[in-house]
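S.K.: First, the structure itself, so that you have it in front of you.
The values are calculated or read from the model by the stated rules, or taken from the named source; none is laboratory data. Everything numeric in this text was worked out from a predicted model, so none of it was measured. All Cβ positions, glycine included, derive from the backbone under ideal geometry; neighbour counts span all protein chains shown.
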Amino acid sequence: MARVELIDRRDGLAPEQARLFDWIVESRGELVRPFQVLLHAPEQAEHIARLGHVVRFESGLAGADRELAILATGRAHGCDYVWDTHVALARREGTSPEVIAHFDGETGATGDLAPREAAILDMVGELCSGSSLSASTFARVESHLGTKGVVELSVLVGYYTMLGYAMASFDTCSTPGGD
């Protein structure tokens, strides 16, 4: 059960919250769970929502790469909500069934994945577990995504880590009906 009331309706919101509520729904199609928490701090929520819009909808990362990194970040932080809301998007964006199935196998075993997928997963894993990136992993990811792609991927991991921490603080990482 969430530690705060989730804001899931526009009724009764302060004008600043209502304006942001409308923008988030317009940009994402609904008020997604992280913002049901973050709207309690509308000034921060607005900047986070705008960054998220750039990360999700204006990034140069291929959709399959972006969604793979989102899934991996959600799993690394134990945020079921991120997995549950992005697995269908990952499939639609072209993330291979094999790499999605990888998450149900041995953690960290990337030898059976394409080099690009393995490099992305290694980068996400290193950032999420140790907040740093080895020179060899950086070089591998850069060879596939370029410098801009490494920057965008690191921002994506940071963004979803931030959302995961905010949701975990308020016990909202589980999906409805889940543990």
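S.K.: Can you tell me which residue among Val4, Val37 is touching a residue at least 60 places away in the same chain (Cβ under 8 Å) and in contact with a His (Cβ under 7 Å, 6 or more places away or on another chain)?
M.R.: Val4 is the lone residue from the list that is touching a residue at least 60 places away in the same chain (Cβ under 8 Å) and in contact with a His (Cβ under 7 Å, 6 or more places away or on another chain).
S.K.: Testing Gly78 on (1) part of a helix (DSSP H, G or I); (2) closer than 14 Å to Tyr160 by Cβ; (3) out of contact with any helix residue (DSSP H, G or I) (no Cβ under 7 Å at 6 or more places or on another chain), one condition comes back false. Which one is that?
M.R.: For Gly78, the failing item is (1).
S.K.: Can you pull out the residues in region 128-152 that are surrounded by 15 or more Cβ atoms within 10 Å (Cβ to Cβ), more than 19 Å from Gly78 (Cα to Cα) and among the hydrophobic types (A, V, I, L, M, F, W, C)?
M.R.: Leu133, Phe138, Val141, Leu145, Val150
S.K.: Here is a further query. What tally of residues in region 1-56 results from selecting those that are assigned to a helix (DSSP H, G or I) and of a type in the set (A, V, I, L, M)?
M.R.: The number of residues fulfilling the criteria is 12.
S.K.: Going by the structure shown, is Leu13 surrounded by fewer than 21 Cβ atoms within 10 Å (Cβ to Cβ) and among the hydrophobic types (A, V, I, L, M, F, W, C)?
M.R.: yes
S.K.: Output yes when any residue across region 58-73 is small (Gly, Ala, Ser) and crowded, with 21+ Cβ neighbours inside 10 Å, and no when none is.
M.R.: Yes, because at least one residue in region 58-73 is small (Gly, Ala, Ser) and crowded, with 21+ Cβ neighbours inside 10 Å.
S.K.: Additional query: Only one of Asp104, Asp84, Asp112, Asp122 is modelled with pLDDT of 95 or more and either over 19 Å from Val157 (Cβ atoms) or part of a helix (DSSP H, G or I) (or both); which?
M.R.: On inspection, the qualifying residue turns out to be Asp122.
S.K.: Here is a further query. Leu145 fails exactly one of the following numbered conditions: (1) over 16 Å from the mean Cα position of the chain (by Cα); (2) at pLDDT below 95; (3) of a type outside the set (D, E, K, R). What is the number of that condition?
M.R.: If we test Leu145 against (1) over 16 Å from the mean Cα position of the chain (by Cα); (2) at pLDDT below 95; (3) of a type outside the set (D, E, K, R), just (2) comes out false.
S.K.: Now a separate question. So if I check each of His102, His40, His47, which one is out of contact with any helix residue (DSSP H, G or I) (no Cβ under 7 Å at 6 or more places or on another chain) and crowded, with 21+ Cβ neighbours inside 10 Å?
M.R.: Selected residue: His102, the only one of His102, His40, His47 that is out of contact with any helix residue (DSSP H, G or I) (no Cβ under 7 Å at 6 or more places or on another chain) and crowded, with 21+ Cβ neighbours inside 10 Å.
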